[in-house]
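The values are calculated or read from the model by the stated rules, or taken from the named source; none is laboratory data. Just so it is clear, the model here is predicted, and its values are computed rather than measured. Neighbour counts are summed over all protein chains in view; Cβ atoms, including those assigned to glycine, are modelled from backbone coordinates with ideal geometry. These accessible areas exclude ligands, DNA and RNA; they are computed on the full protein's heavy atoms, side chains included. Shrake-Rupley method; radii C 1.70, N 1.55, O 1.52, S 1.80 Å.
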Amino acid sequence: MEKARPQWANPLQFVFACISYAVGLGNVWRFPYLCQMYGGGSFLIPYLIMLVVEGMPLLYMELAVGQRMRQGSIGAWRTISPYLGGVGVASVLVSFFLSMYYNVINAWAFWYLFHSFQNPLPWSVCPLNGNRTGYDAECEAASSTQYFWYRKTLNISPSIQESGAVQWEPALCLILAWLVVYLCILRGTESTGKVVYFTALLPYCVLIIYLGRGLTLHGATNGLIYMFTPKVEQLANPRTWINAATQIFFSLGLGFGSLIAFASYNEPSNDCQKHAIIVSLINSATSIFASIVTFSIYGFKATFNYENCLNKMILLLTNSFDLEDGFLTASNLEQVKDHLASAYPSKYSEVLPYIKNCSLESELDTAVQGTGLAFIVYSEAIKNMEVSQLWSVLYFFMLLMLGIGSMLGNTAAILTPLTDSKVISSHLPKEVISGLVCLISCAVGMLFTMEAGNYWFDIFNDYAATLSLLLIVLVETIAVCYVYGLRRFESDLKAMTGRALSWYWKVMWAGVSPLLIVSLFAFYLSDYILSGTLRYQAWDASQGQLVTKDYPAYALAVIGLLVASSTMCIPLGALGTFITRHLKRGDPAPVA
């Protein structure tokens, strides 16, 4: 008799769990960057096409597999074929890598949230130097927001070779972040099902509040015009399409096993096709909505910096040339500069090193993604708002909810196969299994709280999941269509939901989606090979900016290990099953 399996209290809980998992930090800090880099409003064309030909079909396939097999990723793929257990192991390993570093973002969000109650905000002004005769040199070379991020939050070392010590304040925030995650997953679907209502809905409440505030900010329209002005020529750029496909792929969280785990707790008759479409559309709509919010604030920041630059230049020239107050304005600044350069060449040459070319366009062109957008650009804009503490608390609370929602999915991808295993679950209750996973992840995550921790964070973020996930989902698609059999899977879905599988899903699964994944895989592989030595951005305190450096040999070895450890699970799992089966039959194992 089948063991009773925990279930969601209702289908809405499942949908909220999927939305909370899929809608994450990537919607807020990567999609706006891609719009900025690849054509503004015209980027939406390849993005929506990729949603239809890649996002929806693959999401539906993973939900259907989980709901049909009613097991975590390892058990589900082993049921499809005994030789595919390695696919589930690879998913669990990638999710484990992700959990180790992803919760560090929540630790940073906690850190900023706690500091958001100070007046003034601690990143709004530079601290005084040791002699109290001026501002700190590093802060003056950079900016107050960059200084707070790189020095006060990370206390970053000059290179990855200089590991430094664990920073106890971020370390305590990381412990807190893992404690929160543990409390959310303690009772499985029973506790997670209640938490996802908050982690899914609260970010939208904050985004709506921020939208109202953002649209009223001075210069917000500059950012929105910049975002929605289409650059049609970018549609001919292959990287535009590659990045659109990549964003859809990773934003939905395909290949991690989280969606399979969530769907395994559904009623067999649940309409997972409808839910796949709903989650896909909500995820993409959230990315566009978050971009409107981001660019309204980005426009305010750019306009503020531009006008501040103009005011400094007007003050500099007025004082240097004893001009009448009010004579110089933004409209006549360039003409007066030309006149002063020709009328007073020697004096103008003395002032010239201090003169900057102020440009609103160059301010808007400054492309930032990831932690730079979340913790530097946003915090810089917030510090210039009225009642900045309120907006800071709201923003970092939203980041925290997005991060925790994604962590619930990541941990479910690890815990579901472990609790499904009779060997493990017969000896340990699920509370202990959850606790051990959180404890191990937290212990390893301490690496990212060291002075060189941010460099290792970037390594895990860039390489732990990219190629591995593409290979995992490619094998999943081939397994469903050509190993298990598309007709057999279609009849299973019809028996579960009473709904016949349309031609659209079959064409996407059997042909279009696999070809697209192969193209992405080939692009990333060739990109890594052609780029030569992998490099990273290191913080130079004397210059107050990032400089490019080569990774040392041991860092390259870790990158190779991260990619290989998960991808090799697939062939090694198949080989292990093959050998085991031959040994059970009493046949000698084949000798190469």
With Cα atoms, 0 to 90° folded angle of helix 333-343 axis to the chain main axis:
50
Under 19 Å Cα to Cα from residue 549, which aspartates and glutamates show up? Leave out anything in the same chain fewer than 8 places away.
162, 451, 458, 462, 527, 540
In whole percent, how big is the carbon plus sulfur part of the accessible area of region 104-179, probe 1.4 Å, protein atoms only?
56
Eligible aspartates and glutamates near residue 301 by straight Cα distance, threshold 15 Å, same-chain separation 8 or greater
361, 363, 365, 380, 386
Cα centroid of region 327-384 to Cα centroid of region 206-284, whole Å:
34
Any idea of residue 96's accessible area? Nearest 10 Å², probe 1.4 Å.
50
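Kirkwood Rh over Cα pairs of region 98-250 into Stokes-Einstein at 37 °C, 0.692 mPa s: D in µm²/s?
Numbers: Rh = 20.0 Å.
After rounding, the answer is 164 µm²/s.
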Under a 1.4 angstrom probe, counting protein chains only, how are 190, 62, 386 ranked by accessible area, largest first?
386, 190, 62
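What Kirkwood radius, in Å to one decimal, follows from the Cα pairs of the chain? List each step's numbers first, then the result.
Details: mean 1/r = 0.0385 Å⁻¹.
25.9 Å is the Kirkwood radius here.
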I'd like the orientation of helix 553-567 relative to the chain: the angle between its Cα long axis and the longest Cα principal axis, in ° from 0 to 90, rounded to 10.
40
Given charges at Cβ of Lys, Arg, Asp, Glu: region 39-162 dipole, positive-most of 100, 82, 111:
82
Per-residue ³J(HN,Hα) for region 539-549, Karplus 6.51 cos²θ - 1.76 cosθ + 1.60, θ = phi - 60°, Hz, x for Gly and Pro
8, 9, 5, 5, 8, x, 7, 7, 10, 8, 9
Dipole size in debye (nearest 20) for the chain around its Cα centre, Lys and Arg Cβ +1, Asp and Glu Cβ -1?
2280
Selected from 45, 273, 568, residue furthest toward positive end of dipole (the chain; charges at beta carbon):
273
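Given Cβ point charges of +1 (Lys, Arg) and -1 (Asp, Glu) and nothing else, what value in debye, to the nearest 20, does the dipole of region 485-592 about its Cα centre take?
Rounded to the nearest 20 debye, it is 640 debye.
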Kindly write out, for region 79-85 in residue order, the coupling ³J(HN,Hα) from the Karplus curve 6.51 cos²θ - 1.76 cosθ + 1.60 (θ = phi - 60°), rounded to whole Hz, with x marking Gly and Pro.
5, 5, 7, x, 7, 9, x
Structure-based [θ]222 nm, the chain - -39500 (n - 2.57) summed over DSSP H runs of at least 4, per residue, nearest 500
-21000 deg cm²/dmol
Computed magnitude of the charge dipole of region 246-383 (debye, nearest 20; Cβ of K, R +1, Cβ of D, E -1):
340
Reference-scaled alpha-carbon Rg (2.2 N^0.38 Å with N residues) for region 198-321:
1.55
SASA check, residue 349, accessible area w/ 1.4 Å probe, all protein chains in place, rounded to nearest 10 Å², comes out at 70
Given 5 Å bins starting at zero, what is the percent of C-alpha pairs of region 417-530 in each, up to the one with the largest pair distance?
2, 9, 11, 11, 11, 13, 15, 14, 9, 3, 1, 0
What are the ³J(HN,Hα) values, in whole Hz, obtained from phi via the Karplus relation 6.51 cos²θ - 1.76 cosθ + 1.60 with θ = phi - 60°, for each residue of region 494-510 in sequence order, with x given for Gly and Pro?
5, 5, 6, 9, x, 10, 6, 7, 6, 4, 4, 5, 5, 5, 5, 5, 7
Degrees, to the nearest 10: 466-478 long Cα axis against longest axis of the chain:
30
Taking the full set of protein chains and a 1.4 angstrom probe, give the accessible area of residue 267 in square angstrom, rounded to the nearest 10.
100
Unpaired by the 4.7 Å Cβ criterion, cysteines found in the chain
18, 35, 173, 184, 205, 272, 438, 442, 481, 569
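Return one whole number: the accessible area per residue of the chain in Å², for a 1.4 Å probe. Don't jump to the answer; show the numbers that get you there.
Values: 25050 Å² over 592 residues.
Here the per-residue accessible area is 42 Å².
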Choose one of 220, 28, 440: the residue whose Cα lies farthest towards the positive end of the charge dipole of the chain (beta-carbon charges +1 Lys, Arg; -1 Asp, Glu; about the Cα centre).
440
Using alpha carbon centers only, region 17-46 is separated from region 410-466 by a whole-angstrom value of 26
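When only DSSP loop residues count, what GluC sites (Glu not before Pro) in region 310-378 have their Cβ near at most 15 other Cβ atoms within 10 Å?
On the way: sites: 324, 334, 350, 361, 363; in loops: 324.
Passing both the DSSP loop test and the Cβ count: 324.
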